[in-house]
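**Student:** One structure coming up, written as structure tokens, with questions to follow.
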Amino acid sequence: MTAHASGDKRFKILEAHIKKFQARQDALIEVLHKAQELFGYLEDDLLLFVAHRLKLPPSRVYGVATFYHFFCLKPQGAHTCVVCLGTACYVKGSAKVLAAAEAAAGIKSGETTPDSQLSLLTARCIGACAIAPAVVYDGQVAAKQTPEMVLAQLEKWREPCKATT
Amino acid sequence: MEGTMQGDDLAAIAEKHQGSRRKYCLRTCMSAGCMSSRADAIKKGLDAEVKAQGLEGEVEVRRVGCMGFCGLGPLVGLDGMKEREILFEHVTPEDAPAIIRAVQAKDHGLQVADPDHPFFSKQMRVVRANGGIIDPERIEDYVAANGYRALYHVLTDIRPAEVVEEITRSGLRGRGGAGFPTGLKWGTVAKSPGARKFVVCNGDEGDPGAYMDRSILESDPHLVLEGMAIAAYAVGADQGFLYVRAEYPLAISRLQTAIRQAKQLGLLGGGIFETPFTFNVDIRIGAGAFVCGEETALMASVEGRRGTPRPRPPFPAERGLWGCPTLINNVETFANIVPIINRGAAWYAGIGTERSKGTKVFALTGKVQNNGLIEVPMGITLRQIVEEMGGGAIGGAKVKAVQTGGPSGGCIPAEYLDTSVDYESLTKLGSIMGSGGMVVMDDSTNMVEIARFYMDFCRDESCGKCIPCRAGTVQMFELLEKILSRKATARDIAMLEELCDLVKHTSLCGLGQTAPNPVLSTLRFFRNEYTELLQPEPAGECAASGQ
């Protein structure tokens, strides 16, 4: 039997993960972490699947998914740029870094470009305070960033797209 | 050796491990800070160079945790030289051949840090003793550094009540921020009736500008696990939860490795050291909610619910996870347990001030020359930390204030730098010890902007359960915006102060109760920066409140 009517194999992996926790309801957050890791974001169908498997009301699953900043309910861009806005980064000018990124990408933080290439996000503190201001490019932490450096990285991501169009 | 373990086995592991040591050791920092500057490529480069030169029998390249001086990273330490250790700073992967030349006592031409620098010499490493020394991903390294002896001693020689007494006598207070006496908390959980009890380690280090706990978890995960196991024995728990932020992937993976290794050696699980004591630890990954650092919210999150706090009492010590007595301590608090058991409560109580004992780890960051992690005895002055260890402000600027305690703390102005760092002195100045973030601000920093920065944070992180915090933080933020856009009058300041008082005294949990602190402390010490931005009262209205 397939885990999900769509036949998508990722549901099978998620189901195995749920079994690892004996489908315990208190494992909801761990299960959502796994779901987001597999699917990139938590769409309604996925949340319903989790609710069904953990025998939880959908309201509870939706409530938890929307409470925590880490979970996203919309698809993310191909690349993610997370500007840390922790105190150490802030006093060292991370607001300028973010403003430069926003201007270059033409979107506000928390948004994704219309071509789905870039998601611009902010973090409250990633604990890289001694190398402030820090920016996380596709999961890689970069130290002591300036507006010029973030622009260069965004440009680098854009280039291969330009070449194909 | 799998399954059961005895004291002799620990010694055997340590001895075997010592035997595998080489004459020289290149300690490569592989903590999150240095990893961002290609520390993994540096280690690969060193490994390759050692192999190329045929020095495998003489030189060990070891992955280690945080060495502290993160601002100089990536760092590589060299042990085994005739003189003293050498600490290479700002290392790049291309430096590998030069570092090997240094091992051979040849000219290397690399930048080296001065080990006599006050940044190092003023430190007292208790909690961070193994940081930057041992490989955090090898349990043998920890055992060889006297690891798990404290647990063995406790399980085989002393009764749980005596452990609680020892911790009480040490004077240790919670390192998460509030400074509650740890022994008292343990005693309450131990005395609370319950068929099942839990131990929870709070690793939801949410204060922006703080990364002590991340560093401890990444550099010495077994120290925290051993501390938790001792606590579990003392209070009568058999299950522990380690709650770690999702923002700390490296810490999570090292903890997973550590738990697996400890289980393999029988140091976690059933019948530890052939005693009836059983203890298991599960990791719970946070999902980016600052309020989950509050203990009742954290418990809700561990149970898989929205992380909203509930009123206390009942305190978690009486009714915690699933209604059972639960001990919740912060990462650094647990990391203090093993040194206290090993060296005695009297030794520990001899460090620090009358009411604040032991050491405290701080993340010294912001506009200061030397950025990094420091562990200092309580009672040291802020001036010693900021000016001597930190080297003062960057580029000849003047230090204006030091922010401690994150969004729950305050800004301490430069004229109070001679204040002693202890729980009471910092509270007296309207700030708090907090978890250990210490952000230095120079004279280019606008303090009203800082207040707005923190209020923006609290507004965003408020869980929304109680009205004073949910609505109050929004209103305070808007007033600060109004002041900064030069549209406010003296009345707005009065209203801001009134709101601060209201939110402080009527919010449900610590988040709301402390959210006004950054505003109150900047109003107290930098009021002129607020008044400079004010407009005169419109004519005909309340002339008395004009400036």
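**Student:** How many of the residues making up the stretch B:63-88 are more than 13 Å from every other protein chain (Cβ to nearest Cβ), part of a loop (DSSP other than H, G, I, E, B) and not aliphatic (A, V, I, L, M)?
**Tutor:** Adding up the residues that qualify gives 6.
Conditions tested, residue by residue: (1) crowded, with 24+ Cβ neighbours inside 10 Å; (2) within 26 Å of B:N146 (Cβ to Cβ); (3) within 14 Å of chain A (Cβ to nearest Cβ); (4) in contact with a Phe, Trp or Tyr (Cβ under 9 Å, 6 or more places away or on another chain).
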{"site": "B:A231", "(1), (2), (3), (4)": "yes, yes, no, yes"}
{"site": "B:A246", "(1), (2), (3), (4)": "no, no, yes, yes"}
{"site": "B:A258", "(1), (2), (3), (4)": "yes, yes, no, yes"}
{"site": "B:F273", "(1), (2), (3), (4)": "no, yes, no, yes"}
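**Student:** Taking the stretch A:119-155 only, how many residues are closer than 19 Å to A:I107 by Cβ and part of a loop (DSSP other than H, G, I, E, B)?
**Tutor:** Number satisfying all stated conditions: 2.
**Student:** Can you list the helices (runs of 4 or more DSSP H) found entirely within the stretch A:1-90 that contain at least 3 residues being closer than 30 Å to A:A101 by Cα, touching a residue at least 12 places away in the same chain (Cβ under 8 Å) and under 21 Å from the mean Cα position of the chain (by Cα)?
**Tutor:** Filter on the stretch A:1-90 gives A:28-39.
**Student:** Looking at A:A95, A:A100, A:A128, A:A88, which one is within 14 Å of chain B (Cβ to nearest Cβ), under 28 Å from B:Q369 (Cβ atoms) and surrounded by fewer than 22 Cβ atoms within 10 Å (Cβ to Cβ)?
**Tutor:** A:A95
**Student:** Further question: For the stretch A:25-45, does any single residue satisfy the condition of being within 13 Å of chain B (Cβ to nearest Cβ) and touching a Pro at 6+ places or on another chain (Cβ under 8 Å)?
**Tutor:** no
**Student:** Let me ask something else. If you scan the stretch B:416-444, which residues turn out to be within 14 Å of chain A (Cβ to nearest Cβ) and surrounded by 20 or more Cβ atoms within 10 Å (Cβ to Cβ)?
**Tutor:** Listed by number, the residues that qualify are B:S431, B:G434, B:S435, B:G436, B:G437, B:M438, B:V439, B:V440, B:M441, B:D442.
**Student:** Next question. Given the condition more than 8 Å from chain B (Cβ to nearest Cβ) and touching an Asp or Glu at 6+ places or on another chain (Cβ under 6 Å), answer yes or no: does some residue in the stretch A:52-75 qualify?
**Tutor:** No, that holds for no residue.
**Student:** May I pose another question? In the list B:L250, B:L223, B:L217, which residue meets the criterion of being within 11 Å of another protein chain (Cβ to nearest Cβ), under 14 Å from the mean Cα position of the chain (by Cα) and on the phi < 0 side of the Ramachandran plot?
**Tutor:** None of the other options fit; the residue is B:L217.
**Student:** I'd like to know if the stretch B:351-359 contains one or more residues that are charged (D, E, K, R), crowded, with 18+ Cβ neighbours inside 10 Å, modelled with pLDDT of 95 or more and at negative phi.
**Tutor:** yes
**Student:** Quick one: is B:I42 assigned to a helix (DSSP H, G or I), touching a residue at least 60 places away in the same chain (Cβ under 8 Å) and not assigned by TED's automatic domain parsing to the domain that holds B:P249?
**Tutor:** no
**Student:** Take the stretch B:333-371 and flag every residue that is away from chain A (no Cβ under 14 Å), aliphatic (A, V, I, L, M) and either in a strand (DSSP E or B) or over 20 Å from the mean Cα position of the chain (by Cα) (or both).
**Tutor:** Matches in the stretch B:333-371: B:I341, B:A345, B:A346, B:A349.
**Student:** So A:T66 ticks every box in (1) under 30 Å from B:A397 (Cα atoms); (2) surrounded by fewer than 20 Cβ atoms within 10 Å (Cβ to Cβ); (3) among the hydroxyl-bearing types (S, T, Y) but one. Which box is left unticked?
**Tutor:** (1)
**Student:** Restricting attention to the stretch B:348-381, which residues are hydrophobic (A, V, I, L, M, F, W, C) and more than 23 Å from B:G131 (Cβ to Cβ)?
**Tutor:** Selection gives B:A349 alone.
**Student:** Look at the stretch B:458-492 and say how many of its residues are crowded, with 16+ Cβ neighbours inside 10 Å and either of a type in the set (F, W, Y) or not in a helix (DSSP H, G or I) (or both).
**Tutor:** Qualifying residue count for the region: 7.
**Student:** Now a separate question. Out of curiosity, is B:K82 loosely packed, with under 14 Cβ neighbours inside 10 Å and over 19 Å from B:M30 (Cβ atoms)?
**Tutor:** yes
The values are calculated or read from the model by the stated rules, or taken from the named source; none is laboratory data. Since this is a predicted model, take the numbers as computed values, not measurements. With ideal geometry, Cβ positions are generated from the backbone for all residues, glycine too; neighbour counts draw on all protein chains shown.
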